[in-house]
Amino acid sequence: MQSIDYINLENEFGAHNYAPLDIILNRGEGVWVWDVNGNKLLDCLSAYSAVNQGHCHPKIAQALTHQANKLTLTSRAFRNDQLGLFYRDLRKIIPYHKIILMNSGAEAVETAIKVVRKVGYEKRGIPSDQAEIIVCENNFHGRTITIVGFSTNHSVRKGFGPFTSGFKLIPFGDSAALEEAITPRTVGFMVEPIQGEAGVIIPPEGYLREVKEICNKRNVSLIFDEIQTGLGRTGKILADRYENAEPDVTLIGKALSGGFYPVSAVLSNSEILGILKPGEHGSTFGGNPLACAVARTALTVLVEEGMIENAAEMGKYFLARLNELKSPYIKEIRGKGLMIGVELSHEAGGARAFCEKLMKMGLLCKETHENTIRFSPPLVITRDEIDWAMDRIEKVLRAK
């Protein structure tokens with residue numbers, strides 16, 4: 001089959017809820033992927049940071065196949081031998097008291113919403129069904145009906161109402177707005193340390209620490225959605241480490257499995273996660289032995305192979321190279337670690353055309369918020385590979 005045949009099959013039988021670039025990938029290794037025609041391309045998206053460890057990392061693949069031949073799923077009706085080991089291994093790296101395992105990032109977000117509401121009702125005396133959670137404009141926390149209900153992106157909301165109540169929007173990066181928005185009914189503040197889908201928007205220095213202090217003072221649960229920023233993407237195990245601003249609840253996912261399997265986690269303390277009793281929350285697949293075995297190995301290679309440190313070093317280098325560019329199309333370059341956004345001017349006519357041209361030159365990236373190109377390669381990328389990418393980025397951004 002040719003590429004067009006695969007595209008036609010998708011278009012004929014699939015729902016048209018995505019607008020992917022027209023390339024058909026069938027193999028990956030490290031930072032590289034290959035299409036069905038044998039063309040080799042450098043992946044600068046990492047499946048939206050789910051493949052931090054690189055495509056098809058051999059140790060994670062081995063863990064997957066080994067566990068798949070032993071035991072894959074028990075549900076949580078029974079215990080399995082991998083779950084406790086996963087908790088132990090995760091706590092060595094991120095020392096939270098309590099953990100709930102789910103599957104997708106959106107499930108982790110929904111879990112956090114449920115538990116902080118319950119804490120508000122049972123421990124803080126908030127009247128039943130009146131809890132409020134504060135979120136930020138231009139947020140992206142997933143696509144469930146509750147989550148899109150508090151999005152400010154018209155395209156993800158239109159046609160899906162009515163929406164769940166109990167959410168209040170404030171500007172991102174404005175700690176004074178948070179202080180002003182808190183009421184006696186506020187149970188939580190959920191925020192991304194860096195807004196990824198919004199175009200890699202980085203808040204002012206000190207913002208994470210300030211919102212932590214405000215939430216502590218006002219008895220509000222602080223939730224950091226680190227599903228995209230966490231697990232090394234920004235050059236730290238979690239982005240909150242840049243400001244020593246550990247929240248009450250942290251959400252991780254994506255790279256938690258190295259791209260092999262859906263795994264997400266809600267990390268918190270006994271006061272918050274201890275609020276749940278048997279039957280009040282769960283998932284058939286959450287915490288299954290296959291997920292746990294894969295995630296244990298994905299965490300191990302992330303730390304033992306120095307990927308987090310490499311993300312910090314290579315991120316600085318990549319940003320420095322990008323900042324050397326002289327292009328009439330670049331409005332702003334933003335980034336931390338290997339989470340980088342290049343915002344183009346309105347006159348550039350949108351970022352997608354640039355992404356399509358880069359794809360033809362062997363470099364894969366994706367536009368976000370229409371005018372921003374996002375560069376988020378696997379954390380195993382080398383200086384030589386960044387130079388290879390920059391040769392192509394320079395050509396495309398200097399002349400459309």
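The values are calculated or read from the model by the stated rules, or taken from the named source; none is laboratory data. Remember, it's a predicted structure, so these values are computed and weren't measured experimentally. Methodologically, a virtual Cβ is constructed for each residue, glycine included, from the backbone with ideal geometry; neighbour enumeration extends over all protein chains shown.
Quick look at the numbers
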{"read-out": "Which listed residue is in contact with a helix residue (DSSP H, G or I) (Cβ under 6 Å, 6 or more places away or on another chain), more than 19 Å from SER268 (Cβ to Cβ) and surrounded by 19 or more Cβ atoms within 10 Å (Cβ to Cβ), from ILE182, ILE223", "value": "ILE182"}
{"read-out": "Segment 231-263, residues that are in contact with a helix residue (DSSP H, G or I) (Cβ under 9 Å, 6 or more places away or on another chain) and among the hydrophobic types (A, V, I, L, M, F, W, C)", "value": "LEU231, ILE237, ALA239, ALA245, VAL249, LEU251, ILE252, ALA255, LEU256, PHE260, VAL263"}
{"read-out": "Test: residue in segment 95-118 that is out of contact with any Ser or Thr (no Cβ under 9 Å at 6 or more places or on another chain), touching a residue at least 60 places away in the same chain (Cβ under 8 Å) and β-branched (Val, Ile, Thr)", "value": "no"}
{"read-out": "Unique residue being hydrophobic (A, V, I, L, M, F, W, C), in contact (Cβ under 8 Å) with a residue 24 or more places away in the chain and part of a strand (DSSP E or B) when the list is LEU169, LEU178", "value": "LEU169"}
{"read-out": "Residue within segment 221-233 that is under 17 Å from ALA177 (Cβ atoms), touching a Lys or Arg at 6+ places or on another chain (Cβ under 9 Å) and in contact (Cβ under 8 Å) with a residue 12 or more places away in the chain present", "value": "yes"}
{"read-out": "Selection from segment 190-219 of residues that are without any contact (Cβ under 8 Å) to a residue 60 or more places away in the chain, in a loop (DSSP other than H, G, I, E, B) and crowded, with 20+ Cβ neighbours inside 10 Å", "value": "GLU192, PRO193, PRO203"}
{"read-out": "Answer residue from segment 93-152, given it is under 19 Å from the mean Cα position of the chain (by Cα) and acidic (Asp, Glu) and is surrounded by the most Cβ atoms within 10 Å (Cβ to Cβ) among those", "value": "GLU107"}
{"read-out": "Any hit, segment 331-353, residues being at pLDDT 95 or above, closer than 24 Å to CYS56 by Cα and out of contact with any helix residue (DSSP H, G or I) (no Cβ under 9 Å at 6 or more places or on another chain)", "value": "no"}
{"read-out": "Residue satisfying condition, being of a type in the set (Val, Ile, Thr) and closer than 13 Å to ILE99 by Cα, within set VAL220, VAL294, VAL301, VAL263", "value": "VAL263"}
{"read-out": "Which listed residue is at pLDDT 95 or above, assigned to a helix (DSSP H, G or I) and among the basic types (Lys, Arg), from LYS70, LYS92", "value": "LYS92"}
{"read-out": "Candidates LYS331, LYS316, LYS360, filtered to the one that is basic (Lys, Arg) and closer than 30 Å to PRO95 by Cα", "value": "LYS316"}
